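*Asks:* Okay, here's the structure, questions in a sec.
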Amino acid sequence: IQGTQGGPAPRTSPSARRHAKMSVSPAGQQMELEAMAEMFNKMVDQCFKKCVAEYKEPELNVGESTCVDRCVHKYWGAHQKVQDILQKQMQAGMGGRPGM
């Protein structure tokens, strides 16, 4: 596949390809950006509360770092599963036709 400059087309994530097909309006893009920022802030808040008992040192210790890594991984995985389910429900509601 060729890109616009004659070279190879840039790789995109499945999520980015899905969004490109759906042609989201600027207002929709703004709402999605705000939703992602809110999700990120909630994730940071929840994982910090769960993993950092006392904030005494400027760096996370190994246990805190491992906990945060696992927490973020689980939170993001759950978010992705919910997004996939919602996407399938939206497509089923539109007769299975993506991009409409």
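*Asks:* Using the structure shown, list the pairs from LYS50/LYS74; LYS42/LYS74; LYS50/LYS81; LYS42/LYS88 with a Cα-Cα distance above 20 Å, or answer none. Mind showing how you got there, number by number?
*Replies:* Details: LYS50/LYS74 13 Å; LYS42/LYS74 13 Å; LYS50/LYS81 22 Å; LYS42/LYS88 25 Å.
Those over the limit are LYS50/LYS81; LYS42/LYS88.
*Asks:* Related question: Simple spin-label model, 7 Å along Cα-to-Cβ: VAL44 to MET94 in nm?
*Replies:* 3.2 nm
*Asks:* Also: Using alpha carbons only, what's the Rg to Rh ratio of segment 31-86 with Rh from Kirkwood? Can you show the working numbers first?
*Replies:* Numbers: Rg = 13.1 Å, Rh = 12.4 Å.
Ratio of gyration radius to Kirkwood radius for segment 31-86: 1.06.
*Asks:* If I take R0 = 22 Å and measure r between the Cβ atoms of ALA37 and ASN61 in this structure, what FRET efficiency does the formula 1/(1 + (r/R0)^6) give, to the nearest 0.05?
*Replies:* Working: r = 28 Å, r/R0 = 1.29.
It comes out at approximately 0.20.
*Asks:* Considering only protein heavy atoms, what per residue accessible area in square angstrom results for segment 21-80 with a 1.4 angstrom probe? Walk me through the numbers before you get to the answer.
*Replies:* Details: 4910 Å² over 60 residues.
Accessible surface, normalised per residue, equals 82 Å².
*Asks:* With a cut-off of at most 13 other beta carbons within 10 Å, and DSSP calling the residue loop, which trypsin sites (Lys or Arg not before Pro) in segment 26-77 qualify? Please list them. Provide the component values of the computation, followed by the final result.
*Replies:* Numbers: sites: LYS42, LYS49, LYS50, LYS56, ARG70, LYS74; in loops: LYS56.
Those satisfying the criteria are LYS56.
The values are calculated or read from the model by the stated rules, or taken from the named source; none is laboratory data. Since we're looking at a predicted model, the values are computed, not measured. Every residue, glycine as well, gets a Cβ built from its backbone with ideal geometry; the counts of neighbours run over all protein chains shown. Surface accessibility is based on the protein's heavy atoms, side chains included, excluding ligands, DNA and RNA. Shrake-Rupley method; radii C 1.70, N 1.55, O 1.52, S 1.80 Å.
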